[in-house]
Amino acid sequence: MEQKEDLSDRIWIEKGDITQLRFKVGAIVNAANSSLMGGGGVDGAIHRAGGPDIIRECSMIIEEDGPCPTGQAVITAAGNLQARFVIHAVGPVWQGGKNNEAQDLTNCYRNSLLISRKYMLRRIAFPNISTGAYKYPKDEAAAIAVHTTIDFLLENEYPLAVIFCCFDDENYNWTKYYLDNYLKQA
Ligand code: ADP
């Protein structure tokens with residue numbers, strides 16, 4: 001079998017609320033929508049915990065550039081969160097799988113990672129983007145999250161580490177399944 005690089009110290013899983021991580025990170029990634037104006041789920045939790053500075057910066061971005069397209073990501077300050085930045089990534093709404101959802105979700109992770117590289121962030125934390133209100137199947141979303149991140153880390157020094165912060169058991173189990181599968185072969 002092909003020998004794979006061991007990434008076990010650069011990628012791991014935490015369970016729970018991404019706004020209450022046990023340690024500080026360079027950036028928390030938000031599962032945002034195109035308006036960047038906050039919403040329910042993890043987006044609501046991030047804005048509640050981070051305070052009004054984040055939405056103020058989001059408004060300025062929208063004023064200058066218009067809505068953030070699906071698959072893209074933008075960076076703001078993190079207000080009161082235990083992080084320097086929030087990266088707002090716009091995931092796809094699940095529409096059955098034939099509407100470019102897989103590519104859009106891949107872009108979402110990749111663009112967030114590219115921003116992290118640009119800012120030379122040491123650690124960033126992702127939620128399971130699109131798997132709540134946007135209804136992306138958790139199995140397929142976890143495969144994309146893990147594989148896109150592994151591919152990126154293998155080719156890039158920054159971010160030094162990526163944490164998947166899984167809120168619910170199903171996301172936790174699928175993310176762990178795909179990550180363990182890779183690490184087993186490393
Ligand atoms: P989307 O609109 O992209 O689907 P949601 O916020 O509705 O975004 O859901 C994305 C995922 O975020 C869901 O699987 C949900 O379990 C998870 N989630 C909700 N609240 C939090 C939180 N505080 N921390 C981490 N993940 C969360």
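The values are calculated or read from the model by the stated rules, or taken from the named source; none is laboratory data. Just so it is clear, the structure is predicted and the values come from calculations on it, not from any experiment. Note that each Cβ is placed from the backbone with ideal geometry, even for glycine, and that neighbours are counted across all protein chains shown.
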Q. Counting only residues that are surrounded by fewer than 16 Cβ atoms within 10 Å (Cβ to Cβ) and within 13 Å of the ligand (Cβ to nearest atom), which one in the range 14-36 is farthest from the chain's Cα centre (by Cα)?
A. SER35
(Q) Please verify whether ALA102 is hydrophobic (A, V, I, L, M, F, W, C), surrounded by fewer than 17 Cβ atoms within 10 Å (Cβ to Cβ), at pLDDT 95 or above and within 15 Å of the chain's Cα centre (by Cα), treating the condition exactly as stated. (A) yes
Q: With the condition kept exactly as written, say whether any residue in the range 126-141 is free of Cβ contacts under 8 Å to residues at least 40 places away in the same chain and either within 11 Å of the ligand (Cβ to nearest atom) or under 26 Å from ARG84 (Cβ atoms) (or both).
A: yes
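Residues are listed down the side, and each one gets a yes or a no for (1) closer than 19 Å to ALA27 by Cβ; (2) more than 9 Å from the ligand (Cβ to nearest atom); (3) not in a helix (DSSP H, G or I):
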residue	(1), (2), (3)
ALA102	no, yes, no
SER112	yes, yes, no
TYR158	yes, yes, yes
GLU170	no, no, no
TYR177	no, yes, no
ASP180	no, yes, no
Q.
I'm trying to understand the selection: among the residues of the range 145-156, which are buried (at least 18 other Cβ atoms within 10 Å of the Cβ) and away from the ligand (no atom under 13 Å from the Cβ)?
A. VAL146, THR148, THR149, ILE150, PHE152, LEU153
Q) Here are some residues: ARG56, ARG48, ARG84. Which one is modelled with pLDDT of 95 or more, under 18 Å from ILE115 (Cα atoms) and of a type in the set (Lys, Arg)? A) ARG84
Q.
Of the residues GLY71, GLY39, GLY91, only one is surrounded by 16 or more Cβ atoms within 10 Å (Cβ to Cβ) and modelled with pLDDT under 95; which?
A. GLY39
**Q.** From the options ARG56, ARG48, residue that is away from the ligand (no atom under 16 Å from the Cβ), among the basic types (Lys, Arg), surrounded by fewer than 15 Cβ atoms within 10 Å (Cβ to Cβ) and assigned to a helix (DSSP H, G or I)
**A.** ARG56
